[in-house]
Every structure is written in C-alpha cells, then in structure tokens.
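Heads up, the thing below is written out as structure tokens.
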Amino acid sequence: MEYRSLGRTGMQVSPLCLGAMMFGAWGEPDHDVSIGIIHHALDSGINFIDTADVYSQGESEVIVGKALAGGRRDDVILATKFHGQMGADVNASPTERTGDPNHRGNSRRWIVQEVDNSLRRLQTDWIDLYQVHRPDPDTDVEETLSALTDLQRQGKIRAFGSSTFPAHDVVEAQWTAERRSLGRFVTEQPPYSMLARGIEKDLLPVTERYGMGVLPWSPLAGGWLSGRYRKDQDVPTSTRGERMPSRYDLSIPANRAKLDAADALAVVAEKAGLSLIHMALAFTLAHPAVTAPIIGPRTREHLDSQLGAADVTLSSDVLDAIDEVVPPGVTLSQFDEGYVPPSLQDPFLRRRRTA
C-alpha cells in the first residue's frame, strides 16, 4: 500500500483510514468481532485508525485499545476526537444527548479532563492526532488551541486537528495560532462524498493553502453509495437511519434527490466496470487536497468491499460523468453537512429586531 503524508506532520498514513464509529453499541456490539475487523485492516496494510470519545460513549475507544494491545500500538497512527456530550444515553440521537454541560465542548477544562479519559480507554500513553469534533461557538478558539498546545508539549498528543469546521473557522484558527504563537490545526476532517461536495467550494482550497491533511468522513454518504440504495429496490433500514432520520427519510425532497443521484451514479460505476463503493472512495482520493477518506465498516465483509479502492484511479471520463450527476461544490442535503451554525439555528441571528 502506498502511504501518504499527513499534512506537514511528517507522519505517513495509509490512503484509507479505518473509522471505528461502528464498533460498539452503535454498530457491532461484540468486542471480539470488532477486534478481528481491526486486526484484518492492519494486516491488509492500513496503519491509520480514527475514533472518538462520543462513539458509543467511549466503548469504541475501549475496543480500539484492546485491539492495539500486545505490541500493535507502535505501528499505528491513532486518532481520536473530543467535543460531544459524554455521560449521555448511548442510544440517544445527537440532538437528544443530555448530561453535565461541562462534560462536552472545547473548553480547556474539558479538554484536559477528557484527554486523560481517552488515553485510559485507548490503553496508550499518547494520541497521534487529537481532533476537535465540532466548532464550539461558546469557546474562544484561542482557549482551545492553547490547551491543545500544552497537551502537545506534555507529550500526551503528537498533533491536533479539527473536524467539520467551516472554512472561515479554519482560517480564524490558523490566524489565531500564528498571532498567539500556538500550535495549529494540521488536519481537517470534513464530510465529503459524491453526494456531499459542498467543501469543494472553499474548505478544500483553504486546507491546501495551509498544508493541512484532509480526512473525509462518510465517503459512502452514510451508506447511500454502498449500492444498496436503488430506485427499483426497497430502501434498507438501519440503526443509523433510526438515530438520524433526517438523512434517510424519503418524505424529505433532498433525500429523494439523493436516491435519484445514487441510482445514476451506480449506472456510471457499472459502465466503468467498478463497484459503486470503489468508485465512491476513489472519487474522494482523486481530489489533490485529500489525504485519506475514513471507511467505517461494521463487518469484515464491509471492510473487504472497500479495501481495494485505494488501487483504483478514475479516468477523466468517469469523473466528468460524476460531475454531470452531482455538480462540483453541490451538497444535495443540508443534513449531510454535519454541522449547523448558530446563525441558521436561531432565526433572531438573521433577522433585524423591530420595535
């Protein structure tokens, strides 16, 4: 497997990153089965694993820690994330998770506490890439960067990055780091797929300008590009669909548009002699800003169906055909963007108050 530079960190990573979100209560509850999938990925050449504290409320990190015990840790670039509400119901949807308000966010208080929790669950002395899972409008980015810089100097983390940050927040963080002589975000983890191309407009050019590594999440669009979503077939059900109905409910026009696009893209893949999964992953790998898309298998069969994508190169004709289905810079559903800024959530932030 040909490895790639992780931004300008000097670390070399496989072109596919193993995402661990589906290990634990959110996906495969059997720890031994999940560990077997992780070991199979490592044996296949993947050396990059991404998880998060909030995935199954820490259970994913526990499983990854077990899988890397016994001498495998030193050969893996290990990434995790913080920000989400901890201490919540493991089965709650993102909008329903409640708990101690100080057990979440991007404050120094929570970062310093939660990094030790992640280190304990992962059974490691250091994290290679510690990522801010989402922006936090209530916390000054300087406080976040300062805390992360201190953790880096203490040796608890090697590098740090952001996830699902709008382009302007990435730029603000870069400027703040330079102005205050702090460590900077060296990676960004955004949503990116053939159905969600909005980051092509500004985020990806920004990451290229600052030499950041890019680790797209949901390159299969939450399963829409797995080949299971075709217009002549019943729409499959899943626990993910139950937790996030806005991304799958076909009564929503944007999701019907996704079904049309997924069906058309499947035809493009068939004409190119490719599986839709391989074409979807190869599409993200084709962008010059992308380092490694994150694959999130729940079974060994899912993993095997994705592994060969790193060896696929899409021709200009295929890429042009993809552009005809979903034009560059277009995201078909706002629910696939992963982050709704306060300016869209609170109507009074976009309306002048009248007497």
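Annotations for the structure displayed:
- Residue match in the range 136-155 (condition: at positive phi and polar (S, T, N, Q)): no
- Boolean, Leu349 is open to solvent by less than 20 Å² (accessible area, probe 1.4 Å), farther than 24 Å from Leu6 by Cβ and of a type outside the set (Val, Ile, Thr): no
Per-residue answers, yes or no, for (1) open to solvent by 30 Å² or more (accessible area, probe 1.4 Å); (2) closer than 27 Å to Met279 by Cα:
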| site | (1), (2) |
| --- | --- |
| Thr9 | yes, no |
| Met22 | no, yes |
| Val33 | yes, no |
| Ala41 | no, yes |
| Ile63 | no, no |
| Arg72 | yes, no |
| Lys81 | no, no |
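- Leu250 passes every criterion in (1) at pLDDT below 90; (2) under 27 Å from Ala289 (Cβ atoms) apart from (2).
- Total residues in the range 1-31, condition part of a strand (DSSP E or B) and more than 21 Å from Asp128 (Cα to Cα): 1
- Residue within the range 174-186 that is among the aliphatic types (A, V, I, L, M), assigned to a helix (DSSP H, G or I) and under 20 Å from the mean Cα position of the chain (by Cα) present: no
- When we screen Glu96, Glu59 for residues that are open to solvent by 40 Å² or more (accessible area, probe 1.4 Å) and modelled with pLDDT under 95, the only hit is Glu96.
- Residues in the range 156-169 that are buried (at least 21 other Cβ atoms within 10 Å of the Cβ), on the phi < 0 side of the Ramachandran plot and assigned to a loop (DSSP other than H, G, I, E, B): Phe165 alone.
- Restricted to the range 43-54, and to residues there that are of a type outside the set (S, T, N, Q) and touching a residue at least 24 places away in the same chain (Cβ under 8 Å), the residue that is surrounded by the fewest Cβ atoms within 10 Å (Cβ to Cβ) is Gly45.
- Residues located in the range 32-90, provided they are in a strand (DSSP E or B) and of a type in the set (Val, Ile, Thr): Ile49, Ile77, Thr80
- Test for Arg134: is it assigned to a loop (DSSP other than H, G, I, E, B) and in contact with a strand residue (DSSP E or B) (Cβ under 8 Å, 6 or more places away or on another chain): yes
One line per residue, one yes/no per condition, for (1) part of a strand (DSSP E or B); (2) free of Cβ contacts under 8 Å to residues at least 24 places away in the same chain; (3) closer than 30 Å to Pro29 by Cα; (4) open to solvent by 10 Å² or more (accessible area, probe 1.4 Å):
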residue: Pro101; (1), (2), (3), (4): no, yes, yes, yes
residue: Trp110; (1), (2), (3), (4): no, no, yes, no
residue: Val115; (1), (2), (3), (4): no, no, yes, no
residue: Arg121; (1), (2), (3), (4): no, no, yes, yes
residue: Val171; (1), (2), (3), (4): no, no, no, yes
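- Residue-level analysis places Val171 outside the set of residues that are of a type outside the set (Asp, Glu) and touching a Gly at 6+ places or on another chain (Cβ under 8 Å).
- Positions within the range 310-355 being β-branched (Val, Ile, Thr) and more than 26 Å from His168 (Cα to Cα), in sequence order: Val312, Thr313, Val318, Ile322, Val325, Thr354
The values are calculated or read from the model by the stated rules, or taken from the named source; none is laboratory data. Quick caveat: nothing in here was measured; it's all calculated off a predicted structure. In this analysis, Cβ positions are derived from the backbone assuming ideal geometry, glycine residues included, and neighbour counts consider all displayed protein chains. Side chains included, ligands, DNA and RNA excluded: accessible areas come from the protein's heavy atoms. Shrake-Rupley method; radii C 1.70, N 1.55, O 1.52, S 1.80 Å.
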